[in-house]
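This report concerns only the one structure given below.
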């Protein structure tokens, strides 16, 4: 199987709503990659999510976290990354 190339522009920082939409689109791509068992694409989507979610203002919302946890496996790397972000956020306060 050939590798899928993602040539996405860097995320635009033009507001919280635009970032939230990007996070949900990345989640959809992650779920597709997970379904297809494409580890490389799955890992790149996690990287994309980190890029659009950096800084306190851009942390994933509660509804995003709920959606991600409802739609991923218990051992999902995405779940672990989201847990790590939230733990770091609480620890740093």
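The values are calculated or read from the model by the stated rules, or taken from the named source; none is laboratory data. Because the structure is predicted, anything quoted here is derived from the model rather than measured. Cβ placement follows ideal geometry from the backbone for every residue including glycine, while neighbour counts extend to all protein chains displayed.
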Task: residue 78 at pLDDT below 90, surrounded by 11 or more Cβ atoms within 10 Å (Cβ to Cβ) and in contact with a helix residue (DSSP H, G or I) (Cβ under 6 Å, 6 or more places away or on another chain) - done: no
Task: Counted residues, segment 20-53 - those being over 11 Å from the mean Cα position of the chain (by Cα), surrounded by 13 or more Cβ atoms within 10 Å (Cβ to Cβ) and outside any helix (DSSP H, G or I) - done: 1
